[in-house]
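Structure, as structure tokens:
The values are calculated or read from the model by the stated rules, or taken from the named source; none is laboratory data. Every value quoted in this text rests on a predicted model; they were computed, and no experiment measured them. Note that we place each Cβ from the backbone using ideal geometry, even for glycine, and neighbour counts take in every protein chain shown.
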């Protein structure tokens, strides 16, 4: 047994309250972030929903810069949008752009606008109005994407249904493979991992304006599979130790299982984080938050599989 495994065995065996207290604190902060996000007038939901879920128009503009781009701020562009009067479509009111989101990327070379649903003429009017402030636009770097509100709501429903089905399937598999107690613990750890990941993004939405989109839903589904896989490995080893250490208490059996799987869990998490780190550094803005969400989920999932499920098992098993 490695020194690190021995150290973790001592912590799991004698520091149950500390380990569960850390998880409880993380869950509390996550719930607080989700609640504050829901109560925020600017968000009105547990997470700041992106264009994929709310519908609207996204305009991505590449500035024409010789060398370094002229300094530009999101506040000045938002003021310009708020003062802009767009032509109205027949039978409809002209959209107001005061609540639009502006993001500067690549040291100000890329400008991303997230606005209410606009027609083609209205989108061109926005681009023409902002061109003097941007100092020129590269036509090849211009992109306009529009998602209707009904499609956004459909994507949101599909994401929630997919996550719910994955929870049910995981519970059924572990119940058949092990027993109801193990299935309950696996779902508890899975909910723990998903909740903390969502809580981090709730705080990011409140403090930095980070939005979640369909890729975030994909990250949660991937996290569900990864988290349960880690937990099932520990459960398998616990079942083996229960046969090998029949005279020991359930707590000692769980500690022995954690010690036996620690090295595997650490190496698996590390090798998973390496490509995610590459995506964060070199994957571009599209995949950045997707990779961040998965990285958080991998770290939290590794924690729950060795520090939450094995410490709760002896407590719930006695009852």
For this session: Would you check which residues across the stretch 267-285 are assigned to a helix (DSSP H, G or I) and either in contact (Cβ under 8 Å) with a residue 40 or more places away in the chain or closer than 20 Å to residue 105 by Cα (or both) and list them?
Result: 272, 277, 278, 279, 280, 281, 282, 284, 285
For this session: Look at residue 309 and say whether it is in contact with a strand residue (DSSP E or B) (Cβ under 9 Å, 6 or more places away or on another chain) and either at pLDDT 80 or above or in a helix (DSSP H, G or I) (or both).
Result: no
For this session: Check whether at least one residue in the stretch 84-99 is surrounded by 13 or more Cβ atoms within 10 Å (Cβ to Cβ), part of a helix (DSSP H, G or I) and at pLDDT 80 or above, and report yes or no.
Result: no
Problem set entry | Residue selected from the stretch 45-83 under the condition farther than 26 Å from residue 119 by Cβ and touching a helix residue (DSSP H, G or I) at 6+ places or on another chain (Cβ under 8 Å), by the criterion modelled with the lowest pLDDT | 72
Exercise. For the stretch 59-76, does any single residue satisfy the condition of being part of a helix (DSSP H, G or I), in contact with a strand residue (DSSP E or B) (Cβ under 7 Å, 6 or more places away or on another chain) and over 30 Å from residue 157 (Cβ atoms)?
Worked result: yes
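Residues checked against (1) assigned to a helix (DSSP H, G or I); (2) outside the structural domain of residue 186 (by TED's automatic domain parsing); (3) at pLDDT below 90; (4) over 19 Å from residue 15 (Cβ atoms):
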| site | (1), (2), (3), (4) |
| --- | --- |
| 246 | no, no, yes, yes |
| 258 | yes, no, yes, no |
| 287 | yes, no, yes, yes |
| 290 | yes, no, no, yes |
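Yes or no, residue by residue, for (1) at pLDDT below 90; (2) surrounded by 19 or more Cβ atoms within 10 Å (Cβ to Cβ); (3) in contact with a strand residue (DSSP E or B) (Cβ under 7 Å, 6 or more places away or on another chain); (4) assigned to a helix (DSSP H, G or I):
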| position | (1), (2), (3), (4) |
| --- | --- |
| 198 | no, yes, no, yes |
| 201 | no, yes, yes, yes |
| 217 | yes, yes, no, yes |
| 228 | yes, yes, no, yes |
| 231 | yes, yes, no, yes |
| 234 | yes, yes, no, yes |
For this session: Scan the stretch 168-181 for residues that are closer than 13 Å to residue 236 by Cα and in contact (Cβ under 8 Å) with a residue 60 or more places away in the chain and jot them down.
Result: 174, 178
Exercise. Applying the selection to the stretch 143-196, what residues are crowded, with 17+ Cβ neighbours inside 10 Å and assigned to a strand (DSSP E or B)?
Worked result: 146, 147
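Yes/no per residue for (1) over 15 Å from residue 227 (Cα atoms); (2) surrounded by fewer than 19 Cβ atoms within 10 Å (Cβ to Cβ); (3) under 21 Å from the mean Cα position of the chain (by Cα):
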position: 267; (1), (2), (3): no, yes, no
position: 270; (1), (2), (3): no, yes, yes
position: 280; (1), (2), (3): yes, yes, yes
position: 297; (1), (2), (3): no, no, yes
Exercise. So is residue 93 within 27 Å of residue 43 (Cβ to Cβ), in contact with a strand residue (DSSP E or B) (Cβ under 8 Å, 6 or more places away or on another chain) and not assigned by TED's automatic domain parsing to the domain that holds residue 218 or not?
Worked result: no
